[in-house]
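Trainee: A single structure is presented below for examination.
The values are calculated or read from the model by the stated rules, or taken from the named source; none is laboratory data. Source: prediction; values computed, not measured. Here the Cβ is made from the backbone with ideal geometry for all residues, glycine too, and neighbour counts use every protein chain on show. With ligands, DNA and RNA removed, areas are computed over all heavy atoms of the protein, side chains included. Shrake-Rupley method; radii C 1.70, N 1.55, O 1.52, S 1.80 Å.
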Amino acid sequence: MSESLLQQHQHNTTSSNKPQGKAYSFNISNPLAEKKIKWAVILTAIMMVAEIAGGYIYNSMALLADGWHMSTHAMALGLSMFAYVLARKLSTDARFTFGTWKIEILASFTSSILLVLVSAWMLFQSGERLLSPTPIHYDEAIFIAAIGLAVNLICAWLLKDNHSHGHNHGHSHGHDHSHDSSHKHHDHDHGHSHSHGNHDLNLRSAYIHVITDAATSVLAILALIGGKLWGANWLDPVMGLVGGVLVAIWSYGLIRDSGRILLDAEMDAPVVAEVIEVIEASPLRAEINDIHVWRVGKDQYACVLNLTTISPEANGEYFRRQLSIHEELVHIIVEVNQPMINNPYPQSS
């Protein structure tokens, strides 16, 4: 880097405390989901406080245990709501190169870790009670489980992802840099893409939290009824073990899906094959040297390509327009190398 460029770079980076540049937001906002989670948090928190207070007042360990168990779900739901709020408030912050959608994914990943802890707690408690049975107050326990089931079913109804259609303009920015010694032009083309978000992992994680609680309540009610009617005390801890395994399986699915997005492990996504197909079918022949595809929103992807071609007519803008037929590609950059042409600089878009 020349001294003049270095001085200009230092001036640009020190003249303001805030990063200069445009804030990109590719994600489809989901205000309905944020509102639903808020109500689910309120209901869960009220039920949690009531159960813990009742457990202390009436000296009921069953009530206390269910209340503290519900507190983990209240915390996870609160985390999901906080992620929506934070992603919305920071959506215009230029520090986030590809928007704030991954705040929601990070919340989903964290929530799934909490589910693993809930699963471990359920397995431990159930195993302990299976080996060392304790007297069960069936009527009280059934009543508690029934109330918890009702609250969780209401929350599940609230959080069910009905594929609500949010509206957002994902900007596909083609930067066509035809580099010569004078850097002639820098053209920006803004293509608007409308997408319907079908898989909100943050909402899904909140939904799974209340569904797992509802499922364990159903198992508990069945086990308690069986124990009360037929004296099968072993049913209660066995159902707890079954519930713990189910929670572990669901949490694994969340960890896998959210972790994949956080680590940008998207190169086996169908859109990658579609990008390759477009380049290979192009009338102007080009060879793919490098390709990077990653997700920047629900079913929305960014793509960076490095191509080599001997066609003098080919440039980055040409290939970018061909790729723009795929609406899920909302940010496309194409760099074109033409070794047979007397031009030491690549062209990019």
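Trainee: On the basis of being more than 30 Å from I325 (Cβ to Cβ), modelled with pLDDT of 90 or more and out of contact with any Phe, Trp or Tyr (no Cβ under 7 Å at 6 or more places or on another chain), does L254 make the cut? If you could, list the steps in order and put the result at the bottom.
Mentor: Values: more than 30 Å from I325 (Cβ to Cβ): yes; modelled with pLDDT of 90 or more: yes; out of contact with any Phe, Trp or Tyr (no Cβ under 7 Å at 6 or more places or on another chain): yes.
Yes: the conditions hold for L254.
Trainee: Also: Mind listing whichever residues of segment 75-102 are of a type outside the set (G, A, S) and open to solvent by less than 30 Å² (accessible area, probe 1.4 Å)?
Mentor: First, the residues of segment 75-102 that are of a type outside the set (G, A, S): 75, 77, 79, 81-82, 84-86, 88-90, 92-93, 95-98, 100-102.
Answer for segment 75-102, where residues must be of a type outside the set (G, A, S) and open to solvent by less than 30 Å² (accessible area, probe 1.4 Å): L77, Y84, T100, W101.
Trainee: Kindly indicate whether A146 is of a type in the set (G, A, S), buried (at least 22 other Cβ atoms within 10 Å of the Cβ) and at pLDDT 85 or above. Walk me through how you get there before you give the answer.
Mentor: Values: of a type in the set (G, A, S): yes; buried (at least 22 other Cβ atoms within 10 Å of the Cβ): no; at pLDDT 85 or above: yes.
Taking the combined requirement at face value, the residue does not satisfy it.
Trainee: Residues that are under 26 Å from R260 (Cβ atoms), open to solvent by 20 Å² or more (accessible area, probe 1.4 Å) and either modelled with pLDDT under 85 or outside any helix (DSSP H, G or I) (or both): does segment 48-70 have at least one?
Mentor: no
Trainee: Taking segment 283-292 as the search range and keeping residues that are assigned to a loop (DSSP other than H, G, I, E, B) and in contact (Cβ under 8 Å) with a residue 12 or more places away in the chain, which one is most open to solvent (accessible area, probe 1.4 Å)? Spell out how you get there, then give the answer.
Mentor: Our first condition is that a residue be assigned to a loop (DSSP other than H, G, I, E, B); within segment 283-292, this holds for 283-286.
From the residues that got through so far, the ones that are in contact (Cβ under 8 Å) with a residue 12 or more places away in the chain too are 284-286.
On the way: L284: 35, R285: 151, A286: 22 Å².
Ranking the qualifying residues of segment 283-292, first place goes to R285.
To keep it simple, each residue is scored yes or no on (1) under 19 Å from L241 (Cβ atoms); (2) of a type outside the set (D, E); (3) within 23 Å of the chain's Cα centre (by Cα).
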site	(1), (2), (3)
G67	no, yes, no
Y84	no, yes, yes
E104	no, no, yes
I113	no, yes, yes
R129	yes, yes, no
I144	no, yes, no
I147	no, yes, no
W157	no, yes, yes
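For every residue, the table says whether it meets (1) within 35 Å of the chain's Cα centre (by Cα); (2) open to solvent by 50 Å² or more (accessible area, probe 1.4 Å).
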| residue | (1), (2) |
| --- | --- |
| A281 | yes, yes |
| W294 | yes, no |
| A302 | yes, no |
| T309 | no, no |
| G316 | yes, no |
| F319 | yes, no |
| H326 | yes, no |
| Q338 | no, no |
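Trainee: Kindly establish whether K38 is modelled with pLDDT of 85 or more and more than 29 Å from D264 (Cα to Cα). Lay out the reasoning, then the answer.
Mentor: Values: modelled with pLDDT of 85 or more: yes; more than 29 Å from D264 (Cα to Cα): yes.
Considered against the rule, which asks whether it is modelled with pLDDT of 85 or more and more than 29 Å from D264 (Cα to Cα), K38 comes out as yes.
Trainee: Kindly check whether there is at least one residue in segment 88-95 that is closer than 16 Å to I208 by Cα and of a type outside the set (K, R). Lay out the reasoning, then the answer.
Mentor: As a first pass, look at segment 88-95 and keep what is closer than 16 Å to I208 by Cα: none.
Looking for residues that are closer than 16 Å to I208 by Cα and of a type outside the set (K, R), one finds none in segment 88-95, hence no.
Trainee: Please go through segment 219-238 and pick out each residue that is in contact with a Gly (Cβ under 9 Å, 6 or more places away or on another chain) and open to solvent by 20 Å² or more (accessible area, probe 1.4 Å). Talk me through it step by step, then tell me what you get.
Mentor: Going through segment 219-238, the residues in contact with a Gly (Cβ under 9 Å, 6 or more places away or on another chain) turn out to be 219-220, 223, 232-237.
Selection gives L219, A220, N233, W234, L235, D236.
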